[in-house]
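Step one of this worksheet: look at the structure below.
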Amino acid sequence: MKEAFRSLRRLARQKGIELVRPSPEGRLVRVSDRNLARMLTALGEDVAGISSDGEPRCHVPADLIGRPAWGLSLQLYELRSDRNWGIGDFKDLWGICSLAGALGADFIGLNPLHAGFLYEPNRCSPYEPSNRKFLNPLYIAVDEVEGFVTSPDIEAELSRLRELSLVDYEAVAAIKLRVLRTIWKSVEQVQNPALEEFIRTGGPDLRLHALFETLSCAQSTGGTGAGWLSWPREFQSPQNTVVHEFARAHDDEIEFHQWLQWIAHIQLSKAKSCCRRAKMRVGLYLDLAVGEALDGSATWSDRTSYVRAAAIGNPPEPFAAEGQDWRLAALRPERITHGDPSPFARLMTASMQYAGAVRIDHAAAFARLFLVPTDATPADGAYVRYPIDDMLEELANMSVRHQSIVIGEDLGDVAAGLREDLATVGALSYRILSYEQSEEGFVRPQDYPKLALACVSTHDHQTFSGWWKGSDIDLRLKHGLVSRAMTLQHRKTRKSERKNLLAAFAAAGVIGSDEQSGAENLEQLVAAAHEYIASTPCMLVSVRLADLTDEEAPTNIPGTDKTYSNWRPKLSVDLAALEHLPMVRRIANVMNRYRGNPAAHGKVDSILSARGL
C-alpha cells in the first residue's frame with residue numbers, strides 16, 4: 001500500500017496539482033486525498049486502485065500525545081566542568097542527562113555532533129561539518145578512555161583551557177589528539193573484538209572517512225590545508241593510485257581514526273543509556289545539519305552523490321540583504337533516495353541510532369534548496385526541487401525503524417504546503433515564540449499545533465532577555481548585516497512586539513495585569529515566556545539552557561563568520577552549579593506543572609536534594 005500512496009501524491013504533483021489550498025482565514029489547508037483523486041480523474045488520469053491507505057508515518061509515541069513532554073537544549077561544547085578539557089564532552093553530557101532527569105525533563109537537545117575538521121579545528125561550526133555520518137572526536141571524554149594517564153603538564157594545560165570564556169578549538173584539538181594517540185599506541189596491538197566488529201560494520205564509509213582524516217593530517221602538517229580542495233590533484237580522489245599507496249603506508253593512522261570513531265560511539269551510546277536510566281521518555285534529541293563542507297570527508301569520499309560547482313545558501317532577505325552562501329554541499333536530487341541504503345537513509349541512521357528525536361535543520365530542503373553557483377553571489381542563485389514524496393516516505397520508514405521522533409525546522413521561506421506535507425507524515429513542526437506572530441499579535445498558546453516542538457529561543461537567536469533588550473538588533477548593525485535605517489525600523493518593530501507580547505502574556509494569565517505596565521522584571525518575563533509555551537498543546541517544549549543562565553554572548557550570529565566568535569562561547573555557569581540556580585528550578589517547576597513528570601511537579605527542590613544534587 002506504501003507504493004500506492006506514493007503514486008497518488010507523485011501523480012498529483014506531476015500533473016501540476018497543488019496539494020494545499022488557501023482557507024477563508026488565509027491559512028493553507030491540505031487538499032484531501034479523495035479530492036486529489038477527483039482532480040486527477042478530471043485531468044484524464046486513471047486512479048483506479050490508487051489509495052492513500054497505509055500511508056507511512058513517522059514514529060509518534062502514544063504517551064506523548066496524552067502527556068506532552070519538555071526537555072533541555074544546549075550546545076555540548078558550551079558546558080563547563082571542573083574535569084573537562086576546555087570543551088564540553090560526552091562525560092559532561094552524562095551529567096546533564098542525570099540532572100535533566102531529576103528535573104523532570106524527558107529529553108536533552110544538542111547541537112549537531114557531526115565530524116568536523118580535526119586538523120583545522122577553528123572551522124568549528126557544527127552546521128558546516130566534514131561528514132554527517134560520523135561523530136566529532138573532540139567530544140570524547142579522554143579521561144574516560146581506558147589507558148589514559150595524566151601528567152602535571154597535561155593538568156596545567158587543561159586548567160588553562162577550562163578558565164577560558166571561549167572554546168579554544170585549536171588548543172583542545174592539539175592536546176586531545178596528542179593524548180589519544182598515546183593511548184592508541186598502548187592498546188593498538190591488543191586484540192579487541194568489539195572494535196573489530198565496529199570497523200567491519202562501518203565498512204567502506206568508515207574506512208574512507210578515516211583515510212580522509214589521515215590525508216587531512218598529512219596535508220595540513222605539510223601546509224597544504226585540511227580540506228581536499230586545496231590538496232594536490234593526485235590526492236583529490238580516493239580512487240587515485242597515489243591515494244591507495246598512501247593508505248597502504250599509513251594503515252596504522254587509518255586505524256587510529258577508526259578507533260576514535262569507536263570511542264565516540266561508545267561514549268555517546270552511554271549517554272543514550274543515561275537518558276534511559278533517568279526515565280526520560282524521549283532521551284537524546286540530536287540535530288542533523290542541512291549539508292556538509294564543500295571540501296570535507298563526505299564530498300571527498302562520495303563525489304558522485306553531491307552537486308558540483310554550487311553550494312546551499314539563502315536568497316537576499318530583510319535580515320541579510322546580500323543573501324547568504326553557506327558553503328555547504330548539497331546531495332544531488334536524483335541520487336538522494338537512490339540505492340539501498342540511500343544516502344538519505346544512511347544520514348538518518350547515523351543520528352537516529354542514538355536519538356529518541358532528531359531535528360532536521362532547514363527542513364525546507366525536503367521540497368527545494370536554494371543553490372548558489374560557486375563563482376557567483378547569492379543574488380545569482382536559484383531554487384532546485386527535491387523528490388519530496390520519496391524523501392518523506394524514507395524519513396517516515398527510518399523514524400519507525402529507529403523509534404525516533406522527527407522535528408522539521410520548517411522556518412523561513414519554505415515551499416507552499418511543506419508544513420502540511422511534514423504534518424501528514426507525522427513530523428513535528430518547529431515553533432519559536434518570537435516568530436509566532438500575526439497581524440493580530442502573538443499566537444495564543446491554545447492555537448499552537450499539537451504536532452510541534454515549541455521553544456523560547458534557539459542557537460541562532462539571542463536569549464529571551466537579549467531579544468527583549470534588542471541586543472540582536474544592535475549586533476546586526478554592529479556587524480554590518482543591515483543598514484542604520486533598517487535598524488531604526490527594526491527597533492520600532494521590536495518596541496511594538498514587546499507591547500504585544502506583554503498583552504499576550506496577560507491574556508494567557510502568565511503575568512498579572514499590573515505587570516503589563518511600568519518597569520518589567522526580566523526574570524519574571526523569562527519565566528512568563530516559558531510558562532506561555534509550556535501551556536501550548538505542542539507535543540514537545542524545549543528549554544534552552546542559555547536562557548536559564550542568561551548568557552549575554554550569543555551562540556551564533558548568522559552571517560558573521562569573520563567578525564564574531566560563533567560557536568565558541570561557553571556558559572557562564574559551571575555544570576555542577578546549574579542545579580543550584582533558582583531559575584533552573586523555577587522553570588523546571590513551570591514545565592512540570594503543564595507537562596512532563598507529574599511526580600516532579602512542584603517538587604524539584606526535594607528531588608534534587610534527595611539525589612544529592
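The values are calculated or read from the model by the stated rules, or taken from the named source; none is laboratory data. Remember, predicted model here, so these are calculated numbers, not experimental data. Backbone-built Cβ (ideal geometry, glycine too); neighbour counts: all protein chains shown.
Which pairs do you get when a residue that is at pLDDT below 95, found in region 115-137, comes within reach of a residue that is in a strand (DSSP E or B) and surrounded by fewer than 22 Cβ atoms within 10 Å (Cβ to Cβ), reach meaning Cβ atoms under 8 angstrom, with the pair 6+ apart or on two chains?
none
With respect to residue 497, is the statement that it is surrounded by 14 or more Cβ atoms within 10 Å (Cβ to Cβ), over 30 Å from residue 66 (Cβ atoms), more than 23 Å from the chain's Cα centre (by Cα) and touching a residue at least 24 places away in the same chain (Cβ under 8 Å) true?
Against the criterion (surrounded by 14 or more Cβ atoms within 10 Å (Cβ to Cβ), over 30 Å from residue 66 (Cβ atoms), more than 23 Å from the chain's Cα centre (by Cα) and touching a residue at least 24 places away in the same chain (Cβ under 8 Å)), residue 497 qualifies.
Checking residue 342 against (1) within 16 Å of residue 312 (Cα to Cα); (2) surrounded by fewer than 20 Cβ atoms within 10 Å (Cβ to Cβ); (3) touching an Asp or Glu at 6+ places or on another chain (Cβ under 7 Å), only one condition comes out false. Which one?
Tallying (1) within 16 Å of residue 312 (Cα to Cα); (2) surrounded by fewer than 20 Cβ atoms within 10 Å (Cβ to Cβ); (3) touching an Asp or Glu at 6+ places or on another chain (Cβ under 7 Å), residue 342 fails exactly one: (1).
If you take the residues in region 300-314 that are surrounded by 17 or more Cβ atoms within 10 Å (Cβ to Cβ) and closer than 21 Å to residue 382 by Cβ, which one is modelled with the lowest pLDDT?
Among those residues, the one meeting the criterion is 314.
Look through region 471-494, keep the residues that are under 30 Å from residue 594 (Cβ atoms) and within 25 Å of the chain's Cα centre (by Cα), and return whichever of them is surrounded by the most Cβ atoms within 10 Å (Cβ to Cβ).
472
Among (1) in a loop (DSSP other than H, G, I, E, B); (2) of a type in the set (Asp, Glu); (3) touching a strand residue (DSSP E or B) at 6+ places or on another chain (Cβ under 6 Å), which single condition is residue 413 missing?
Single failed check for residue 413: (3).
Please specify each residue of region 317-339 satisfying the condition of being among the aromatic types (Phe, Trp, Tyr) and either in contact with a Phe, Trp or Tyr (Cβ under 9 Å, 6 or more places away or on another chain) or buried (at least 22 other Cβ atoms within 10 Å of the Cβ) (or both).
326
Would you confirm whether any residue within region 296-313 is more than 30 Å from residue 539 (Cα to Cα), among the aromatic types (Phe, Trp, Tyr) and part of a helix (DSSP H, G or I)?
Checking region 296-313: at least one residue is more than 30 Å from residue 539 (Cα to Cα), among the aromatic types (Phe, Trp, Tyr) and part of a helix (DSSP H, G or I).
Take the residues of region 507-526 that are closer than 16 Å to residue 495 by Cβ and more than 32 Å from the chain's Cα centre (by Cα): which is modelled with the highest pLDDT?
520
Give just the number: which of (1) within 30 Å of residue 595 (Cα to Cα); (2) touching a Phe, Trp or Tyr at 6+ places or on another chain (Cβ under 8 Å); (3) β-branched (Val, Ile, Thr) does residue 458 not satisfy?
Every listed condition holds for residue 458 apart from (2).
Looking at this structure, is residue 478 without any contact (Cβ under 8 Å) to a residue 12 or more places away in the chain and within 30 Å of residue 77 (Cβ to Cβ)?
Details: without any contact (Cβ under 8 Å) to a residue 12 or more places away in the chain: yes; within 30 Å of residue 77 (Cβ to Cβ): yes.
Here the answer is yes, as residue 478 does meet what is asked.
Report, by residue number, each residue of region 470-486 that is part of a helix (DSSP H, G or I) and either closer than 17 Å to residue 564 by Cβ or touching an Asp or Glu at 6+ places or on another chain (Cβ under 6 Å) (or both).
471, 472, 473, 474, 475, 476, 477, 478, listed by residue number.
Would it be correct to say that residue 94 is in the same structural domain as residue 565 (by TED's automatic domain parsing), assigned to a helix (DSSP H, G or I) and of a type in the set (Phe, Trp, Tyr)?
Spelling it out, residue 94 is indeed in the same structural domain as residue 565 (by TED's automatic domain parsing), assigned to a helix (DSSP H, G or I) and of a type in the set (Phe, Trp, Tyr).
Out of 333, 343, which single residue is modelled with pLDDT of 95 or more, more than 27 Å from residue 560 (Cα to Cα), touching a helix residue (DSSP H, G or I) at 6+ places or on another chain (Cβ under 7 Å) and of a type outside the set (Asp, Glu)?
It is 343.
What's the number of the condition residue 399 fails, among (1) of a type in the set (Gly, Ala, Ser); (2) under 18 Å from the mean Cα position of the chain (by Cα); (3) not in a helix (DSSP H, G or I)?
Residue 399 satisfies all of (1) of a type in the set (Gly, Ala, Ser); (2) under 18 Å from the mean Cα position of the chain (by Cα); (3) not in a helix (DSSP H, G or I) except (3).
Can you tell me which of (1) in contact (Cβ under 8 Å) with a residue 40 or more places away in the chain; (2) outside any strand (DSSP E or B); (3) more than 24 Å from residue 395 (Cα to Cα) is the one residue 72 doesn't meet?
Answer for residue 72: the failing condition is (2).
Of 104, 88, which residue is buried (at least 24 other Cβ atoms within 10 Å of the Cβ), over 20 Å from residue 403 (Cβ atoms), under 18 Å from the mean Cα position of the chain (by Cα) and modelled with pLDDT of 95 or more?
Values: 104 fails: under 18 Å from the mean Cα position of the chain (by Cα).
Every option except 88 fails the conditions.
Residue 153: without any contact (Cβ under 8 Å) to a residue 24 or more places away in the chain, over 30 Å from residue 345 (Cα atoms) and either in a helix (DSSP H, G or I) or outside the structural domain of residue 351 (by TED's automatic domain parsing) (or both), yes or no?
Yes: the conditions hold for residue 153.
If residue 273 satisfies all but one of (1) of a type outside the set (Lys, Arg); (2) assigned to a helix (DSSP H, G or I); (3) touching a residue at least 12 places away in the same chain (Cβ under 8 Å), what's the number of the condition it fails?
(3)
If you check every pair at least six apart or on different chains, which have Cβ atoms under 8 Å apart with a residue in region 76-88 that is within 12 Å of residue 140 (Cβ to Cβ) and in contact (Cβ under 8 Å) with a residue 40 or more places away in the chain first and a residue that is buried (at least 22 other Cβ atoms within 10 Å of the Cβ) and acidic (Asp, Glu) second?
76/89; 76/92; 84/92; 88/78
Among the residues of region 371-382, are any among the polar types (S, T, N, Q) and surrounded by 22 or more Cβ atoms within 10 Å (Cβ to Cβ)?
no
As an exercise: evaluate residue 463 against (1) in contact (Cβ under 8 Å) with a residue 60 or more places away in the chain; (2) over 26 Å from residue 542 (Cβ atoms) and give the number of the one condition it does not meet.
Unmet for residue 463, out of (1) in contact (Cβ under 8 Å) with a residue 60 or more places away in the chain; (2) over 26 Å from residue 542 (Cβ atoms): (2).
A quick yes/no check of all residues on (1) within 30 Å of residue 17 (Cα to Cα); (2) modelled with pLDDT of 95 or more:
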| site | (1), (2) |
| --- | --- |
| 409 | yes, yes |
| 423 | yes, no |
| 454 | no, yes |
| 460 | no, no |
| 467 | no, yes |
| 470 | no, yes |
| 481 | no, no |
| 501 | no, yes |
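Do we have any residue at all in region 58-78 that's in contact with a helix residue (DSSP H, G or I) (Cβ under 6 Å, 6 or more places away or on another chain) and either among the charged types (D, E, K, R) or surrounded by fewer than 16 Cβ atoms within 10 Å (Cβ to Cβ) (or both)?
No - not one qualifying residue is present in region 58-78.
For residue 406, state whether it is within 14 Å of the chain's Cα centre (by Cα), assigned by TED's automatic domain parsing to the domain that holds residue 320, touching a residue at least 60 places away in the same chain (Cβ under 8 Å) and assigned to a strand (DSSP E or B). Spell out how you get there, then give the answer.
Values: within 14 Å of the chain's Cα centre (by Cα): yes; assigned by TED's automatic domain parsing to the domain that holds residue 320: yes; touching a residue at least 60 places away in the same chain (Cβ under 8 Å): yes; assigned to a strand (DSSP E or B): yes.
Yes, satisfied.
The rows are residues; the columns are (1) buried (at least 17 other Cβ atoms within 10 Å of the Cβ); (2) outside any helix (DSSP H, G or I); (3) in contact with a helix residue (DSSP H, G or I) (Cβ under 6 Å, 6 or more places away or on another chain).
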residue	(1), (2), (3)
122	no, yes, yes
132	yes, yes, yes
170	no, no, no
177	yes, no, no
189	no, yes, no
196	no, no, no
